[in-house]
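The values are calculated or read from the model by the stated rules, or taken from the named source; none is laboratory data. These figures come from a predicted structure and were not determined experimentally. Cβ sites come from the backbone with ideal geometry, for glycine too, and all protein chains shown count toward neighbours. Note: areas computed on protein heavy atoms with side chains; ligands, DNA, RNA excluded. Shrake-Rupley method; radii C 1.70, N 1.55, O 1.52, S 1.80 Å.
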Amino acid sequence: MGCSAGGLTALQEVLAQVDARLTQPVIVCCHTGSSDVSLLCELLARHSRLPVEEASERAPVRGGVVHVAPSGYHLLIEPTLRFALSVDAKVAYSRPSIDVLFESVTDAYRGRIVAVLMTGANADGAEGLAYVRAHGGYAVVQDPTTAEAAAMPQAGLDIAGADACVPLNAIAGTLNQLCL
Amino acid sequence: MDIEDIEIELFVRAMQLRHGYDFSGYAPASLKRRVLQLVRTQDVSDISELNRRVLHEEGFLSKVIEGLSVPVSEMFRDPQVFRALRDKVFPVLASYPQINIWQAGCAHGQEIYSLAILLEEAGLYERSQIYATDFNDAALALAQEGIYATRDARDWSRNYQEAGGQRSLSDYYSARYDFIKLDHRLRRNVTFANHNLVTDDVFCEAHLILCRNVLIYFSNPLQDRTLGLFRDSLVRGGFLCLGTRENIDFAPSAVDFTNVDGALRIYQLGGRQTR
């Protein structure tokens, strides 16, 4: 899941409704200004029905857990399904970049993924979403009219299109349906 | 197997057989991004075309090495780390008549100058010898020049203050138009040298090794091998400083190190007897 401006509230709403029986891993990339995502994790954990943790370098991706990309690093998944970090240049003016995450998760899971692009004020994630769709993944985009910042989901729709474009309050339901 | 993955394996083999550079121990996900980035910047059609040039074109290697090392850093990145070095590590270093510091993977040198400033302010610079190494010659040359964009200097000044700097960062550089140039006196005790963590060996006896956000690009076995290299390069009780999100829990060589500040990834060789 990728988001930026307005992402905290959006993530809280979605994670509050995601089914607690979910066995798939959830990986979140949310641009925050801060140098530490521990507060973000804490704020999400208050609402989420799944445990929320910062993604740890080299640690395995675990099902039923929400992993949050650390601040200042790109988050990638190795073919061994473990997390990797990089401090390579920003992509789409962002690090962590949603594009990087979407592409890497698509490779690691051979396209068997659902990518969700939500509220945000820039275009990060749109290229990644196109990659997801080109490799057999499923793209869910938040209906821009329901987004606190419409630019990100709108760029997603313009560049990649979507398999489902739904309002914020229907994203969790869509995920539950796809994953359970 | 994905065709692109095959091409990357061939790329790694070509670099190894043709030029003696071994990237086989690099973590695949970020290596792939960098190779694809090279395809874009070198304006070739695909990785196979890149491989052809790696094999046949004289002088192409340096472009590839530059593309694969992508050094991105800043001065006093993670200021609290520099503060901890000053408060927890420097007092121990101060007990040595001569202090050897190895910065492994110095990239464009921002961290070298940060460290040099901190040592100056602690009164330890005169007896310090700093080895700044990287496997990318172009990066080493830039590190040696110490010229950076003025637009970065504002953030770096803030970092410097947060790191506990005692003066103003601008005391250490001169500004011209869009560039700042670090005071050359900051490198009077710095030796810049080419060293490849993948293939090269111990070359000094260090009291402190800084290697931040370099091992994140290495697979587990190469990370472990490099930690072993650091262990063998450090004096007993010597310090190791890694990036703040690095994880050495899966490396067997990590047992030789104890935490000085676990959250900031500052370790000490031996130290207490058990980890």
In segment B:87-115, residue surrounded by the most Cβ atoms within 10 Å (Cβ to Cβ) [restricted to those that are more than 15 Å from the chain's Cα centre (by Cα) and among the hydrophobic types (A, V, I, L, M, F, W, C)]: B:ILE99
Only one of B:VAL54, B:VAL72, B:VAL64, B:VAL44 that is in a loop (DSSP other than H, G, I, E, B), away from chain A (no Cβ under 14 Å) and closer than 30 Å to A:PHE102 by Cβ: B:VAL44
Residue under evaluation B:GLY123, criteria (1) open to solvent by less than 10 Å² (accessible area, probe 1.4 Å); (2) small (Gly, Ala, Ser); (3) not in a helix (DSSP H, G or I), criterion not met: (1)
Unmet criterion (only one of (1) assigned to a loop (DSSP other than H, G, I, E, B); (2) touching a strand residue (DSSP E or B) at 6+ places or on another chain (Cβ under 8 Å); (3) loosely packed, with under 14 Cβ neighbours inside 10 Å) for B:THR199: (2)
Test: residue in segment A:135-153 that is among the charged types (D, E, K, R), open to solvent by 20 Å² or more (accessible area, probe 1.4 Å), out of contact with any Ser or Thr (no Cβ under 8 Å at 6 or more places or on another chain) and farther than 18 Å from A:GLU13 by Cα: no
Where a residue in segment B:105-127 is under 15 Å from B:SER69 (Cβ atoms) and its partner, wherever it lies, is part of a helix (DSSP H, G or I) and among the β-branched types (Val, Ile, Thr), with Cβ under 9 Å and at least six apart: B:CYS106/B:ILE112
Identity of the residue in segment A:58-70, under 19 Å from A:ASP99 (Cα atoms) and assigned to a loop (DSSP other than H, G, I, E, B), that ends up most open to solvent (accessible area, probe 1.4 Å): A:VAL61
Sole exception among (1) loosely packed, with under 13 Cβ neighbours inside 10 Å; (2) touching a residue at least 40 places away in the same chain (Cβ under 8 Å); (3) part of a loop (DSSP other than H, G, I, E, B) for B:THR191, by number: (3)
Strands (runs of 3 or more DSSP E) contained entirely in segment A:71-122, each with at least 1 residues that are within 9 Å of chain B (Cβ to nearest Cβ) and touching a residue at least 40 places away in the same chain (Cβ under 8 Å): A:74-77
Selection within segment B:223-257 - within 12 Å of chain A (Cβ to nearest Cβ), outside any strand (DSSP E or B) and open to solvent by less than 30 Å² (accessible area, probe 1.4 Å): B:GLN223, B:GLY243, B:THR244, B:GLU246, B:ASN247, B:ILE248, B:ALA251, B:ALA254
